[in-house]
1. Residues that are within 14 Å of the chain's Cα centre (by Cα) and either farther than 25 Å from residue 119 by Cβ or surrounded by fewer than 22 Cβ atoms within 10 Å (Cβ to Cβ) (or both): does region 73-86 have at least one?
2. Kindly provide the set of residues from region 85-118 that are more than 14 Å from residue 135 (Cα to Cα) and in a loop (DSSP other than H, G, I, E, B), ordered by number.
3. Pairs under 8 Å by beta carbon, first residue more than 13 Å from residue 21 (Cα to Cα) and free of Cβ contacts under 8 Å to residues at least 12 places away in the same chain in region 55-81, partner aromatic (Phe, Trp, Tyr) and part of a strand (DSSP E or B), six or more apart or different chains?
4. For region 25-41, which residues satisfy the criterion of being free of Cβ contacts under 8 Å to residues at least 40 places away in the same chain, touching a helix residue (DSSP H, G or I) at 6+ places or on another chain (Cβ under 7 Å) and under 18 Å from residue 66 (Cα atoms)?
5. What about residue 38, is it of a type in the set (A, V, I, L, M, F, W, C) and either closer than 28 Å to residue 13 by Cα or in a loop (DSSP other than H, G, I, E, B) (or both)?
Amino acid sequence: MSPNLRELLGTRTLIGDGAVGTLLGERGVGFGHPYARANLSHPKLVTEIHVEYLRAGADAIETNTFAANRFKLENHDLQEWVREVNAEGARLARKAARAVAGTGDRALVLGAIGPLGRPLAPVGPVSPPTSHAATGTSSGCRPTYSGLRHWV
């Protein structure tokens, strides 16, 4: 598989993974537990879920970091762990992709960044620089065209 995402999207439909949080819940990571924390508390389980999606035919998997921003994690007193949670989420997804790549397939690993959980200015109190600090800088990714974010 070519690593050029634009090229791939121009030639075919890509299949991605799905409800990682739901699977974590079904497999013992309790609902209400911040699923991104599972990158640290249940790394083997997170990796296994990624591998299962890839073996089922997914071309791309997302890191288990959808809610791994400062605002979401501070609800669980984990705001000091944002960088670690995101870095481990990326490492686990890459590990799964490498494990499946041993069979001759290749997979894309995409960084997942979800909503902050707080309204942005001018409606809410979160300014664009604060938003970037809570997501982009903290998670090790950079803004690119059209506001999309990609792991570097």
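1. Within region 73-86 (the criterion being within 14 Å of the chain's Cα centre (by Cα) and either farther than 25 Å from residue 119 by Cβ or surrounded by fewer than 22 Cβ atoms within 10 Å (Cβ to Cβ) (or both)), the answer is yes, since at least one residue qualifies.
2. Within region 85-118, 102, 103, 104, 105, 106, 107 qualify.
3. From region 55-81, no pairs qualify.
4. Matches in region 25-41: 29, 31, 35, 38.
5. no
A short reminder: the numbers here are calculations on the coordinates, not readings from a lab. Predicted model only: the values in this text are computed from it and were never measured. Here the Cβ is made from the backbone with ideal geometry for all residues, glycine too, and neighbour counts use every protein chain on show.
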